[in-house]
Amino acid sequence: MTRPTDDDTAPADEAVAEPPRRGVGPIVSSAHLAEGGMPSLSEFEFGLILASHAFHRWMIRCIAAAGVPDLSPLDVLILHTVNHRGRPKRLADICLVLSVEETHLVSYGVKKLEAAGLVASGKAGKEKTILITEKGRAVCLRYREIREALLLQPVGATGVDKERLSELAAMLRALSGHYDQAARAAASL
């Protein structure tokens, strides 16, 4: 244990970090973008960047804990989408639900999941379908158990308002439409 020096004159209660002061401006990753007409959107985008990266890390670690390492976040999303409601899905449906334009990425993910025995291919007329296997269903259930224990319980303990969370989710979906529209407009420039 070290002895205090003459420089250690601050009272103990001052050692606690102060909350950030509001005069510093929005918390963003690109100040040059926040200088425009809506700094709050830049602040939202930074939060979205952090949340999306954290969510991707979570999915990878959770699926590995469920017994399937080496899947990408998109592979995990495809697996859960195929498992959704227990009905076979077409590749186009998976792309639509996940808002993925590059069908080859979803096709590659399906091949990886098939090789792991988590999904299987079927046919509906002339169309290829993808369906969950028993192994895939078991992995999804294990993922859910891990999610309940490691994510839902701690988030619930924070007292987060479930209705407010649903409102935020609706706002995110609505904003995604604006980003999609802006992307289409930018592609035509």
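The values are calculated or read from the model by the stated rules, or taken from the named source; none is laboratory data. Everything quoted here is computed from the prediction, not taken from an experiment. For neighbour counting, all protein chains shown are included, and Cβ atoms are generated from backbone atoms with ideal geometry for every residue, glycine included. Accessible surface is based on the protein model in full, side chains and every heavy atom, while ligands, DNA and RNA are left aside. Shrake-Rupley method; radii C 1.70, N 1.55, O 1.52, S 1.80 Å.
Hey, could you check segment 61-105 for residues that are within 14 Å of the chain's Cα centre (by Cα) and over 22 Å from Gly122 (Cβ atoms) and say which is most open to solvent (accessible area, probe 1.4 Å)?
Arg61
Quick grid of which residues meet (1) open to solvent by 90 Å² or more (accessible area, probe 1.4 Å); (2) in contact with a helix residue (DSSP H, G or I) (Cβ under 9 Å, 6 or more places away or on another chain):
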{"site": "Ala116", "(1), (2)": "no, yes"}
{"site": "Ile130", "(1), (2)": "no, yes"}
{"site": "Glu148", "(1), (2)": "no, no"}
{"site": "Leu151", "(1), (2)": "no, yes"}
{"site": "Ala157", "(1), (2)": "no, no"}
{"site": "Lys162", "(1), (2)": "yes, yes"}
{"site": "Leu168", "(1), (2)": "no, no"}
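Pairs under 6 Å by beta carbon, first residue acidic (Asp, Glu) in segment 53-80, partner assigned to a helix (DSSP H, G or I), six or more apart or different chains?
Once the first residue is acidic (Asp, Glu) and sits in segment 53-80, its partners that are assigned to a helix (DSSP H, G or I) give Asp75/Gly109; Asp75/Lys112.
So which helices (runs of 4 or more DSSP H) are wholly in segment 92-189 and hold at least 1 residues that are in contact (Cβ under 8 Å) with a residue 24 or more places away in the chain?
Numbers: elements: 103-115, 134-147, 153-157, 162-187.
Hits in segment 92-189: 103-115, 134-147, 162-187.
Every residue in segment 123-136 that is more than 19 Å from Pro69 (Cβ to Cβ) and at pLDDT 95 or above, please. Give the steps one after another, and end with the answer.
So the first thing to find is which residues in segment 123-136 are more than 19 Å from Pro69 (Cβ to Cβ), and the list is 123-132, 134.
Within segment 123-136, Thr129, Ile130, Leu131, Ile132, Glu134 meet the criteria.
Considering each of Tyr143, Tyr179, Tyr108 in turn, give the residue that is hydroxyl-bearing (Ser, Thr, Tyr) and touching a helix residue (DSSP H, G or I) at 6+ places or on another chain (Cβ under 6 Å). Write out each step before concluding.
Working: Tyr179 fails: touching a helix residue (DSSP H, G or I) at 6+ places or on another chain (Cβ under 6 Å); Tyr108 fails: touching a helix residue (DSSP H, G or I) at 6+ places or on another chain (Cβ under 6 Å).
Exactly one residue qualifies, and that residue is Tyr143.
Per-residue answers, yes or no, for (1) modelled with pLDDT under 85; (2) part of a helix (DSSP H, G or I); (3) in contact with a helix residue (DSSP H, G or I) (Cβ under 8 Å, 6 or more places away or on another chain):
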site: Pro4; (1), (2), (3): yes, no, no
site: Glu18; (1), (2), (3): yes, no, no
site: Pro26; (1), (2), (3): yes, no, yes
site: Leu50; (1), (2), (3): no, yes, no
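For the subset of segment 30-55 comprising residues that are touching a Leu at 6+ places or on another chain (Cβ under 9 Å) and of a type outside the set (Ser, Thr, Tyr), which member is most open to solvent (accessible area, probe 1.4 Å)? Give the steps one after another, and end with the answer.
Pass one, segment 30-55, residues touching a Leu at 6+ places or on another chain (Cβ under 9 Å): 33-34, 39, 41-42, 44-45, 48.
This time we only want the ones that are of a type outside the set (Ser, Thr, Tyr), so: 33-34, 39, 41, 44-45, 48.
Values: Leu33: 101, Ala34: 14, Pro39: 51, Leu41: 57, Phe44: 53, Glu45: 54, Leu48: 71 Å².
By that ranking, first place goes to Leu33.
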